[in-house]
1. Quickly rank 130-142, 467-479, 296-308 as a protection proxy: mean count of other C-beta atoms within 10 Å, highest first.
2. Calculate the all-directions average of the projected area of region 90-206's alpha-carbon convex hull, and give it in nm².
3. How many times 2.2 N^0.38 Å is the alpha carbon radius of gyration of region 263-321?
4. State the Cα centre-to-centre distance between region 329-349 and region 172-191 in whole Å.
5. Over 29 Å between Cα atoms, which of Lys113/Lys160; Lys176/Lys213; Lys108/Lys207; Lys188/Lys347 qualify?
6. Once the Cβ-Cβ distance between Arg288 and Thr320 is put in as r, and R0 is 56 Å, what FRET efficiency do you end up with, to the nearest 0.05?
7. Taking the Cα-to-Cβ direction at Trp532 and at Asn177 and moving 7 Å from each Cα, how far apart do the two end points lie in nm?
8. In nm, to one decimal, how far is the Glu545 label point from the Tyr231 one, both placed 7 Å along Cα→Cβ?
Amino acid sequence: MFCAYNFPLTIVTVCLFLNVSYTEILEKREIDKNGIILDSDRLDSKNNSLVLIILQYSKDEKIQGHTKDNPVAIRQKRNDVVSRNISMILENLLKRYESSQLPTHGRKPTLIKTNILIRSMGPISELDMEYSMDCYFRQYWRDERLSFKGPIQSLSLSIKMLERIWRPDTFFYNGKNSYVHTITVPNKLLRISQDGDILYSMRLTIKAKCPMKLHTFPMDRQSCPLILGSYAYSSKDIIYQWMDEGSVTFVPGMTLSQFDLISFPYRNQTIRRREGDFSVLQVSFNLRRHTGYFLIQVYVPCILIVVLSWVSFWIHREATSDRVGLGITTVLTLSTISLDSRRDLPKVKYATALDWFLLMSFFYCIATLLEFAGVHYFTKVGSGEIPVDEEEWEEFEKEEIIGVDSSEVSDDAVLLNSTQPTRRRSSLVCPILNDPSSPYSSRRPSGYQIPKFVARTVEKTTQTEFKIPIWKQVGYCLKGDDNFRRQRQREAASSGYASINGYQHVNSVSLIDRTARILFPVSFTVVNICYWLTYFMCHGDFEWENAPSNTLN
């Protein structure tokens, strides 16, 4: 309010917070050497108003130089006066202010409006099931005891004023180790408007609990809540509300390292505690995990290791150490990957999607070893590693020589005994006679021929051999039948001679290996397709979930 009057000297009167008559002002004015009239002591405690008068004499030669030639000095003097009087009005406002009382004195609930600006978010820890974020947390409420009148719309005050006024006791229900930034000073802001509206803002780093469900990890989606409300005041005293539709906002360009932020719905809510009903605010950060890291570090290496274990199907069954070593190596490698992938996960009581995939990979690698055990048991016999005993050979000889012409037996037997007198008869079963690298081939005379009775015996047993069904062979294998084992040894022993005449060799490529070459890749592909379809397609919608009772109480 500006007042101008014609006096013998031109007077420009500037009245700030004017609430008294001009006559009263002139009666108590004080003029300093610069021609500025002050009424610093004029305070109306009833209306919370302050009188500030500035008079400028333009025709006074004594002060003309100050006003005309030094406008900066006058402006500075004016600012100093305003600052002193603002401090005085604040002191006047707080004279009879009781900071322990609610602004509404319990007549009605005090409304606290809130909004959040999130600067950054993360990390999100699955091991501790928590997340952190850096944000500006703002609260608005009205305290009519702090209202004033004047041209200044709002006052920005020091945080020391917070200790002298009432403020809400807001806390985070699911918070853990949250703190206010204090570098270089406590990052807080307090602003009071003419109507007594108060803005209280602070910069916080909030670390909050996030109950995660890891059944579909790492293709999971998580909803991390943030719940805030009053610690001591029930809904009869304080009601919290989000300020508007944009109450939760993010700094442009904010991203998370491991997740995509899908949505962040928020709501006002009333919850029941042991002390009564309390008004709270809740916002849920709905997140979707990035699977690229786990594809590169876990899934692709596991698939390649499983494929590597299938190489043993193309390795000859005689190379026992090679096939067993390859199988054990793949199993140990999978164990290392499994332990490394579980390092950052909590010890939950259920299996995650990653656990199921690792178990499936383990199953295929171990199945490869068991497949070779079956090959070894069924077909890898009689190659010199398991010699036939002397008694078994005599039984074999008695059974097979019956019906053979005695003249042929005597001639061939004499020739055989004369060439290798010191050789055990059972060793006839072990070496492969047509192999030049065999040590027994050097002992054989140049004109030596396979005895006719052996060839005829092999031909006879080959033509009249009774084929045992596969299911019976599996039963014998599981039971560990010794008779079946000895029979396979005899077949392997006779096949060394039979292979010369074109008969099937027992130590040729196993039918089990040929079947496994097709069965293992096809089944692994089908299982993988079902696995990925199950975990990528079966995702429910995000729903509001009430906070756990142990968090609220």
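Every number here is computed from the coordinates shown, using simple stated rules; none is lab data. Computed from a predicted model, the values in this text were never measured in an experiment. Because the Cβ atoms are built from the backbone with ideal geometry, glycine has one as well, and the counts that use them run over all protein chains shown.
1. Values: 130-142: 19.3, 467-479: 11.6, 296-308: 16.4.
Answer by packing, highest mean first, reads 130-142, 296-308, 467-479.
2. 8.9
3. Scaled against compact globular proteins, the figure is 2.61.
4. Each part reduced to its Cα centre gives a spacing of 39 Å.
5. Details: Lys113/Lys160 22 Å; Lys176/Lys213 20 Å; Lys108/Lys207 33 Å; Lys188/Lys347 40 Å.
Beyond 29 Å: Lys108/Lys207; Lys188/Lys347.
6. Details: r = 49 Å, r/R0 = 0.87.
Efficiency, rounded to the nearest 0.05: 0.70.
7. About 3.9 nm separates the two model spin labels.
8. 2.8
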